[in-house]
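Everything on this sheet refers to the single structure shown next.
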Amino acid sequence: MARFDGIRKKIGNRRRYGRDKTSAEPARPSRLTDIVVALLLAVADALALAGIGLILTLGGMAATMGDAQPGTQRPHPGFSFSGLALAWVVPAALAVSTFVHASLRMPVTAVVQGLFLIVGIVLAFAETYMLVSIA
């Protein structure tokens, strides 16, 4: 009989408080914390994507520059794996950040990170296309 009383108390607590007190589920951060973290990460992501865009622009301009002597062939260094890695590091970090903030139940931050992830993937594809076309 005592066992059923304990079960009834737990059910009553769930109905009263929304979930079991002994639940291992983490509490979600406040909305203000979520918005502040989203703004801070938005600034950091914007700077990172601006840097990638700058590298993309400078790399494209350097590849289209002509030789000083029009009759000579300049040997091309080939495909740059370090440039390719640099292009895809930022979108990979944004994907991990989006997943982590979604699992931490921070919806505003997860949406902001997801939007920057889309922009980062577009820039990474553009830089990959540029690197492949140069080589």
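The values are calculated or read from the model by the stated rules, or taken from the named source; none is laboratory data. The structure presented is a predicted model; accordingly, all values stated were derived computationally and were not measured. As a convention, Cβ positions derive from the backbone with ideal geometry for all residues, glycine included, and neighbour counts pool all protein chains shown. Surface areas here come from the heavy atoms of the whole protein model, side chains and all, with no ligands, DNA or RNA. Shrake-Rupley method; radii C 1.70, N 1.55, O 1.52, S 1.80 Å.
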Failed criterion for Phe81 (all others in (1) hydrophobic (A, V, I, L, M, F, W, C); (2) over 16 Å from the mean Cα position of the chain (by Cα); (3) surrounded by 14 or more Cβ atoms within 10 Å (Cβ to Cβ) hold) = (3)
Residue in region 48-70 that is in a helix (DSSP H, G or I), more than 30 Å from Arg8 (Cα to Cα) and modelled with pLDDT of 90 or more present | yes
Residue tally, condition more than 11 Å from the chain's Cα centre (by Cα), open to solvent by less than 60 Å² (accessible area, probe 1.4 Å) and not β-branched (Val, Ile, Thr), over region 108-127 | 4
